[in-house]
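Trainee: Here you go, one structure.
The values are calculated or read from the model by the stated rules, or taken from the named source; none is laboratory data. Quick caveat: nothing in here was measured; it's all calculated off a predicted structure. Positions of Cβ are generated from backbone atoms using ideal geometry, with glycine treated the same way; all protein chains shown enter the neighbour counts. Each accessible area value is taken on the protein alone, full model and side chains, heavy atoms only, with ligands, DNA and RNA left out. Shrake-Rupley method; radii C 1.70, N 1.55, O 1.52, S 1.80 Å.
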Amino acid sequence: MKTVFINCSPKKKFCASSYFLFLQRLFVSGKKVSEKLRTPADHDRILGELREAQAVVFGVPLYVDGIPSHVLRFMEKMEVFCRENNLRLSVYCIANNGFIEGRQNESLMRNFENFCVRAGLSWGGGVGIGGGVMLNVTRILFLVNIGLLALNTLISAINTGSFFPKDAWISFAENAGLLLFFNLGVLYYLIRIGAHIRKGTFSDRKYTRILIPSFVFIIFADIFFIIISFFEGGLFRGWLAKKAPEESKNA
Ligand SMILES: Cc1cc2nc3c(=O)[nH]c(=O)nc-3n(C[C@H](O)[C@H](O)[C@H](O)COP(=O)(O)O)c2cc1C
């Protein structure tokens, strides 16, 4: 049983899709191949991998309530390729979006379902995940947490000779537990769909989100995007930044 995981985020690194596909891979057995779809140069390589596969899992970011255009170009090619080679793959989709409601991925899921009908493939279902950006940040926070624990252990070992600073471990366990809690909905549905991917069976569309109340999400999302905006050229991603004459004509 060979499963191909296709990361469809155009970002070069640190994308939410890679996080969710990493988790999904943990719950799928057999031969696993990871691919990255960013440009047309990736098409033939990925199609080659699909020849011997039984299942393909798309990790897709939601763009303007739909499938990103570079993924659509690939799907057009894949449709022809699967028909010509009489492939009978099961197709699954792990979609994520920035806003908190995972159900916003509904139209994207339906597009994948229709694609399967046209390409003669079996639609296996998918998971739509809301708050994808924030969930992706939880993995950094987890790594920071591990770093802090290591630092505290080192300081404690130097100062007292103890390699088990109790307070640092309690604080680590509390923070890790909280981060795990935020991810519980995602983990639950990825485990469930993982069982379907292994058996090649149909799972339907499921939706989940980061497990925090919406009003807390909005506050943190606003703070996060204001900070990111400054790094990306000023408030509101550079809209208010002074533009060169050529740029302002095109804006
Ligand atoms: C061009 C563009 C359009 C987007 N449209 C939506 C949208 O319609 N709804 C939404 O909730 N998030 C939207 N987002 C946010 C992405 O879905 C979100 O950042 C996602 O986590 C990106 O996944 P990735 O890191 O795997 O690329 C959009 C992002 C971009 C860049």
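Trainee: Would you please give the residues with an amide H less than 5 Å from that of residue 35, counting only those at least 5 places away or on a separate chain, with H modeled from the backbone geometry?
Mentor: So residue 35 has HN proximity to 5, 6, 7.
Trainee: Under a point-charge model restricted to the Cβ atoms of Lys and Arg (+1) and Asp and Glu (-1), what is the dipole moment magnitude of the range 1-125 relative to its Cα centre, in debye to the nearest 20?
Mentor: Here the size comes out at about 380 debye.
Trainee: So with the 1.4 Å probe, I'd like the accessible area per residue for the chain, rounded to whole Å².
Mentor: Here the per-residue accessible area is 55 Å².
Trainee: Could you tell me what percent of the accessible area of the chain is made up of carbon and sulfur, with a 1.4 Å probe and every protein chain present?
Mentor: That share works out to 63 percent.
Trainee: From largest accessible area down, sort 65, 167; use a 1.4 Å probe on the protein chains.
Mentor: Heavy-atom accessible area, descending, gives 167, 65.
Trainee: Could you order peptides 145-157, 85-97 by the average number of other Cβ atoms within 10 Å of their residues, highest first?
Mentor: Listed from highest to lowest mean packing, they are 85-97, 145-157.
Trainee: About the Cα centre of the range 2-237, what is the dipole size in debye to 20, counting +1 per Lys and Arg Cβ and -1 per Asp and Glu Cβ, all else neutral?
Mentor: Here the size comes out at about 600 debye.
Trainee: Extension gain residue 159-residue 31, at 0.36 nm per residue separation less the Cα-Cα distance, in nm?
Mentor: 41.3 nm
Trainee: Zone of residue 204 (label point 7 Å along Cα→Cβ, backbone N under 17 Å): which residues in the range 108-122?
Mentor: Correct set: 109-110, 113.
Trainee: I would also like to ask the following. Calculate the translational D of the range 1-108 in whole µm² s⁻¹ from Stokes-Einstein, where the hydrodynamic radius comes from the Kirkwood formula applied to all Cα pairs, the temperature is 4 °C and the viscosity 1.567 mPa s.
Mentor: 91 µm²/s
Trainee: Considering the dipole of the range 2-237 built from charges on the beta carbon (Lys and Arg +1, Asp and Glu -1) around the Cα centre, which of 130, 26, 10 is farthest to its positive end?
Mentor: It is 26.
Trainee: What is the gain in length, in nm to one decimal, between residue 114 and residue 231 on full extension, counting 0.36 nm per residue of separation less the C-alpha to C-alpha distance?
Mentor: Extra length available between residue 114 and residue 231 comes to 38.2 nm.
Trainee: While we're looking at this one, here's another question. Under the definition of Cα pairs under 8 Å and six or more residues apart, what whole-number percent is the relative contact order of the range 107-215?
Mentor: 42 percent
Trainee: When the expected Rg is taken as 2.2 N^0.38 Å, what fraction or multiple of it is the alpha-carbon Rg of the chain?
Mentor: Relative to the rule-of-thumb radius for its length, the chain sits at 1.17.
Trainee: Order the peptides 17-26, 55-64 from the highest to the lowest mean number of other Cβ atoms within 10 Å of their residues.
Mentor: Descending packing order for the listed peptides: 55-64, 17-26.
Trainee: Taking the chain as the reference, fit the longest principal axis to its C-alpha atoms, fit the long axis of helix 132-160 to the helix C-alpha atoms, and give the angle between the two in degrees, 0 to 90, nearest 10.
Mentor: Taking the Cα atoms of the chain, the angle to 132-160 is about 30 degrees.
Trainee: Ranked highest first by the average count of other Cβ atoms within 10 Å around their residues, in what order do 44-54, 203-213 fall?
Mentor: 203-213, 44-54
Trainee: Right, here's the next one. Could you let me know the centre-to-centre spacing of the range 141-177 and the range 17-91, using Cα atoms, in angstrom?
Mentor: If we compute the Cα centre of each part, the gap is 40 Å.
Trainee: Tell me which residues come under 5 Å, amide H to amide H, from residue 99 once H is placed; ignore anything under 5 positions away on its chain.
Mentor: 131
Trainee: Quick one: which residues, 5+ away or cross-chain, put their amide H under 5 Å from the amide H of residue 89? H built at 1.01 Å from N.
Mentor: 122
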